[in-house]
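**Student:** Mind having a look at this structure? Questions to follow.
What follows draws every value from the coordinates through simple rules; no lab data is involved. For clarity, every value in this text was computed on a predicted model and none was experimentally measured. So basically every Cβ, Gly included, is an ideal-geometry build from the backbone, and we count neighbours across all protein chains shown.
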Amino acid sequence: MSEIEKFLVTYPKDHVIFREGDEGKEMYFVDSGKVKILKRVKNGEKVLAILQRGDFFGEMAVLTGKPRTATAVAMTDVRLLKIGKEDFEAFLRKNIDVAVKLIKKMAERLRETDFLLEMANYRDEKLKITTALLQLARETGERENIVVDPTELHSRSFTTTAILKEALKDLAKKGIIHIKEKNIIVPSLEKLEKFNSFLKLKEEFSFIEEGGKS
């Protein structure tokens, strides 16, 4: 048995790998299949991420010793590398490429935290939605005719389905987006950036006006 094979575990589709609030003693790397990460919210659960081969999860609980902050569920039959606390440091020392990827992932998490703090300060739902849409569009590296998954947008915009649908209709009327075969198409990243900046300025001025009235 190789060094890697001893860490391999398999789970069937819909298996709950761990639940939010559980004690975290292991982290996982996806070798095959897909895993979804869920977070409890007021109206149920929200999908935070869908992970596949090469991705990893559960590392925060191992690094911090704190309970799991989300639930992990197998979307398909999955094969994972399950690394316990006692093997974690030794595993990273022997797999430098994994250690580098972990560091990059932690940096991404910090950026995501900044994004969440930014979103939490917005009162305008349309501003939340365009900010999330802009982030998703930029992640593609494209500038024109960018395809965005509505499910991912819903997850990142922290709004209701009804509000999202109305906002998307309005954005389509303005030509900021097109809806095609259930996908969102951003024809021009520059146009979306300008509209998002306009909404930010509008919200900032509303705060100034309210401050002046008080």
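**Student:** Along the charge dipole of segment 122-213, pointing to its positive end and built from +1/-1 on Cβ of Lys, Arg, Asp and Glu, which listed residue (PHE158, LEU171, PHE198) has its Cα farthest out?
**Tutor:** The residue sitting most towards the positive pole is LEU171.
**Student:** Can you tell me the 0 to 90 degree angle between the C-alpha axis of helix 96-120 and the longest principal axis of the chain, rounded to 10?
**Tutor:** With rounding to tens, the tilt is 30 degrees.
**Student:** Let me ask something additional. Classify segment 5-119 as rounded, prolate or oblate, taking a ≥ b ≥ c as the square roots of the eigenvalues of its Cα gyration tensor: rounded when a/c is under 1.5, otherwise prolate if a/b is larger than b/c and oblate if not.
**Tutor:** Judged from the Cα gyration tensor, segment 5-119 comes out oblate (a/c at least 1.5, b/c at or above a/b).
**Student:** Could you tell me how many degrees, from 0 to 90 and to the nearest 10, lie between the Cα long axis of helix 125-139 and the main elongation axis, the longest principal axis, of the Cα atoms of the chain?
**Tutor:** Tilt relative to the chain: about 50 degrees.
**Student:** While we're on this one: Using the Karplus curve 6.51 cos²θ - 1.76 cosθ + 1.60 with θ = phi - 60°, what ³J(HN,Hα) values do you get for each residue of segment 159-171, in whole Hz, with x for Gly and Pro?
**Tutor:** 9, 7, 4, 5, 5, 4, 4, 5, 5, 5, 4, 5, 5
**Student:** If you place +1 on the Cβ of every Lys and Arg, -1 on the Cβ of every Asp and Glu, and leave all else neutral, what size is the dipole of segment 122-213 about its Cα centre, to the nearest 20 Debye?
**Tutor:** Numbers: 17 positive and 16 negative charges, 43 e Å.
So the magnitude is around 200 debye.
**Student:** Mind pulling the angle between the C-alpha long axis of helix 85-94 and the longest principal axis of the chain? Nearest 10 degrees, somewhere in 0 to 90.
**Tutor:** It works out to around 90 degrees.
**Student:** On to the next question. Counting Lys and Arg as +1 and Asp and Glu as -1, each charge on the Cβ, what is the dipole of segment 60-214 about the Cα centre in debye, to the nearest 20?
**Tutor:** With Lys and Arg at +1 and Asp and Glu at -1, about 240 debye.
**Student:** Going by amide H atoms built from the backbone, whose H comes under 5 Å of the H on GLY24, apart from near neighbours?
**Tutor:** Here ARG68 satisfy the definition.
**Student:** I would also like to ask the following. Could you work out the helix-only [θ] at 222 nm for the chain, with each DSSP H run of four or more residues adding -39,500 (n - 2.57) and the total divided by the number of residues, to the nearest 500 deg cm²/dmol?
**Tutor:** Result for the chain, helices only: -15500 deg cm²/dmol.
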